Each structure stands twice: as C-alpha cells, then as structure tokens.
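Every read-out reported here was derived from the displayed coordinates using simple, explicitly stated rules and does not represent laboratory data. What you see is a predicted model, and the numbers here were worked out from it, not measured in a lab. All Cβ positions, glycine included, derive from the backbone under ideal geometry; neighbour counts span all protein chains shown.
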Amino acid sequence: MKKLVIIGNWKMNKNLHETQEFLSDFEKEYLNNKRKINKKIEFGIAAPFTNLFLLKDKIFKSVAQNFSNFDSGAYTGEVSASMLKDLGVSMVVLGHSERRQYFNETNEVVNKKTLQAIKENITPIVCVGETLEEYEAGQTKDVIAKQLKESLAGVEDFSKVIIAYEPVWAIGTGKTATAEIAQDICSFIRENTSKKVVIQYGGSVSPSNIEELMSQKDINGALVGGASLKADSFIKLLTLNK
Ligand code: PEP
C-alpha cells in the first residue's frame, strides 16, 4: 500500500476535558484495532492551540490549525512556530477555506506562512479548493492553479509540503467530490507542482467513502473535519473502514 497521511481537523471544537476524553477513548480503540491499521498510514490531529500540549508525545502527530508568519515580537494575539515546536507540533494547516473566508487570509499571507513553516521545519498542509460558484462555472482548475502559484511561490522542495485539495462545497456539507473528480484535481495539482508532493483530499470524508478515495492514484491522504471528532470514527478512517 502507498503511504497515506490522514489528519483530523477539529476546528474550534473540544475543550480540555473533551480532549482528554477523546484521548482516552482513542487509546482503547487504537489498541483494539492496531492490527488493522497499516504501518504506512501516518496520522495526526489538528487541535485548537489550547489543547495542543495534551497531544505531545502521543502516537499521532500534533498539528496546529494556524500560526503567525512572524518570528516573535509585538503581534498581540498571535502564536509563533517556535512556541508550537516547544509543544511538539510538527505540522500546521494553512489557508483552510474557513480562514480564507472568515479571516481574510489571502494567498499572499498563506505563502508567507508556508515559507515560515518550511524555515521552522514544520510541515505546512496548504489547503486549496474552489467554491460552489466556481465549480459550477467550470473554473476549478483555474482557481486551483492560481492558489498553487501564489500560495506556494518560492517553495523549492515539495517533499517539505503537503497540499490538501478541499473543494469548499464539500466541506462540512456531507457532499463529497466523487473519487473521479477528486483524482482528476489531485492529478492536476501534481502536474502543477511536483511528482513527490503528498496530496490530501478533504471534504466530508467519512468511514464509508475513505477507502475509495484513498485508492485513487494521486491521493495520498485525507484532511478530515467532522469524522475525526469521535475516537471510534477516527479509528475507522485509519483502518480504511476494515
Ligand atoms: C475540513 O475541515 O477540512 C473538512 C474537510 O471538514 P469535513 O470533513 O467536516 O468536511
């Protein structure tokens, strides 16, 4: 089996107590299902900043949902890469459509953060994807090409980044891109970046569709919101619903 990187994106969910509960459930489920989880699957959880310290030294990667493109200094409310590294964070989700939509994160900002992540040895998971309007107007590839060009400007070694294709119309809606659409766009992303880049699909991935999506040639993993919030469902993603 090819290598897969499956990351749960908790968004702004779970307080400390709920995170502890998840971790204890996850540990039990993991031990019960260990044989079914392929060693080639790398997995992690993108938790809110306040819970990341609980994820340190666990069996999964600790992932941040954002960070500052500045090193340190007078940037009230921001969290730096080095602060996250102290907590054991090894990956960061950047340019998620919710950040682009609600916090005005542009390709230019995503690019600064991507370069900062590479400099700090944190793997950026750079999200790209078209809106429903753009999808219906047949603009998907143009939109993705622009997001890739601008968000990844200056990236030289594509083995240091992960790209997540997340059609905005499929996020949290229960509508998944068909495996054919997801494969077509992921293959387009590969052609426009590098053969060696890890490409995830995200958008209503669940235990019932993960196996088909992950079997597509150019899909190397998943970024999963809703289905990562419960330990039993997250484990089913890791066993590819076996
Ligand atoms: C996401 O948050 O990146 C996501 C894909 O969410 P969901 O799986 O709930 O659609």
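Structural remarks
- Using the rule -39500 (n - 2.57) for each DSSP H run of four or more residues, divided by the residues of the chain, the 222 nm mean residue ellipticity is -10500 deg cm²/dmol.
- Length-normalised contact order of the range 103-208 in % [C-alpha pairs under 8 Å, at least 6 apart]: 30 percent
- Here the chain is treated as a Stokes sphere of Kirkwood radius computed over C-alpha pairs; at 37 °C and 0.692 mPa s its diffusion coefficient rounds to 183 µm²/s.
- Charge tally around Pro207: other residues with Cβ under 15 Å, Lys/Arg +1 each, Asp/Glu -1 each, net 0.
- Order of Thr19, Thr193, Thr106 under a 10 Å beta carbon neighbour criterion, fewest first: Thr106, Thr193, Thr19
- Dipole magnitude (debye, nearest 20) for the chain, charges at Cβ of Lys, Arg, Asp, Glu: 920 debye
- For the range 162-237, diffusion coefficient by Stokes-Einstein and Kirkwood Rh (Cα), 25 °C, 0.890 mPa s, µm²/s: 199 µm²/s
- Relative protection proxy for 119-125, 29-35, 74-80, from highest mean packing down: 119-125, 29-35, 74-80 (other beta-carbon atoms within 10 angstrom).
- Taking all pairs of distinct alpha-carbon atoms in the range 11-143, Kirkwood radius in angstrom: 16.6 Å
- Links that overshoot a 25 Å alpha carbon limit, given the list Lys36/Lys113; Lys112/Lys196; Lys28/Lys242; Lys112/Lys195: Lys36/Lys113
- For the peptides 229-237, 201-209, the ranking by mean Cβ contacts within 10 Å, running from highest to lowest, is 201-209, 229-237.
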